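Working notes for the structure below.
Each reported figure results from applying straightforward, stated rules to the coordinates on display, with no laboratory input. Not measured: the values here are computed from a predicted model. Methodologically, a virtual Cβ is constructed for each residue, glycine included, from the backbone with ideal geometry; neighbour enumeration extends over all protein chains shown.
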Amino acid sequence: MLSGKTALVTGSTSGIGLGIARTLAQQGANIVFNGFGDAQQIEKLYREVGQEFGVQTAYHNADMSKPSEIEAMMKFAEDKFGGVDILVNNAGIQHVSNIEDFPIEKWDAIIAINLTSAFHTTRLALPGMKQKNWGRIINLASVHGLVGSAQKSAYVASKHGLVGFTKVTALETAHTGVTCNAICPGWVLTPLVQKQVDDRAARDGLSNDAAKKALLAEKQPSGEFVTPEELGALAVFFCSPAGAQVRGVAWNMDGGWVAQ
Ligand code: NAD
């Protein structure tokens, strides 16, 4: 369904971004990977995805907190694939702390990576998408783009900001073939969440399994983690013809978290 399209997924060397990149590749899209990690492992990863799904893949190591590196990544995608048709703003980080103890540099990094990077990739992708009159921008927000949780001030602020930015992008593209939507996952078991499981296990003297159960029980009524593959399937729907008039939504996939 997506052959001939190019998807750029920020933060796709791990977790949700990798799951979405794989699902889009399965539909035939070429993929530009981005994110941190061991250079050799990353090269293996993107080459394997290319071979598995018979698509072209590439990688750019831009740090999403640095506008000049984001510009270089977008130019790389332009030179290599003639632009970005599907932009998935996924890179994100978390820090858990009370506001009065929140390190200032952590606040700045979370806002830069989780929110401001999406402004930069979007402003650079839009001219090409508008010219082709087709584009899909998918912002990985969170249930924390819809509701708050204590000790996650920067993250919740960044994700609410990203949901707002999604709506404005959707309005500015409403008369075009470009759509912009946000996905709002609940708990997904990725390295970002495993760290919170580990912290809870250490704090409460729990096993890994018991800490996972406790984490889910607090917020996610299903008691099950959402998977990157399920999120990838939603991204594919946004990219499908049936998704053409889905514009500016913040679509939660959260085991019932925000229904409470
Ligand atoms: P993860 O830690 O597994 O992956 C994060 C990715 O972002 C990695 O590839 C990492 O290298 C990359 N990254 C981090 N900082 C970067 C930077 N400065 N520049 C470029 N890349 C950078 O995390 P994840 O759980 O897969 O999270 C992906 C997105 O989904 C994030 O935006 C996160 O907020 C959001 N999210 C996650 C959950 C969850 O439960 N895991 C829930 C809701 C939303």
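At-a-glance table
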{"quantity": "Top positive-direction residue, dipole computed over the chain with Cβ charges, set L206, A250, L140", "calculated": "A250"}
{"quantity": "Non-local Lys pairs in the stretch 1-123, i.e. 8 or more apart or on different chains, that have alpha carbons under 27 Å apart", "calculated": "10"}
{"quantity": "In degrees, nearest ten, helix 208-219 long axis to first principal axis of the chain (Cα)", "calculated": "80"}
{"quantity": "Charge dipole of the stretch 87-207 about the Cα centre (unit charges at C-beta), most positive-ward option of T190, T122, H160", "calculated": "T122"}
{"quantity": "The chain: most fluctuating residue of I138, I113, I99 per GNM, C-alpha cutoff 10 Å", "calculated": "I99"}
{"quantity": "Point-charge dipole on Cβ atoms (K/R +1, D/E -1) for the chain, about Cα centre, debye to 20", "calculated": "600"}
{"quantity": "Whether the stretch 102-155 is rounded, prolate or oblate, judged on the alpha carbon gyration tensor where a/c under 1.5 counts as rounded", "calculated": "oblate"}
{"quantity": "For F33, distant residues with modelled amide H under 5 Å away", "calculated": "A58, Y59, H60"}
{"quantity": "Alpha-carbon centroids, the stretch 189-260 and the stretch 110-136: separation in whole Å", "calculated": "25"}
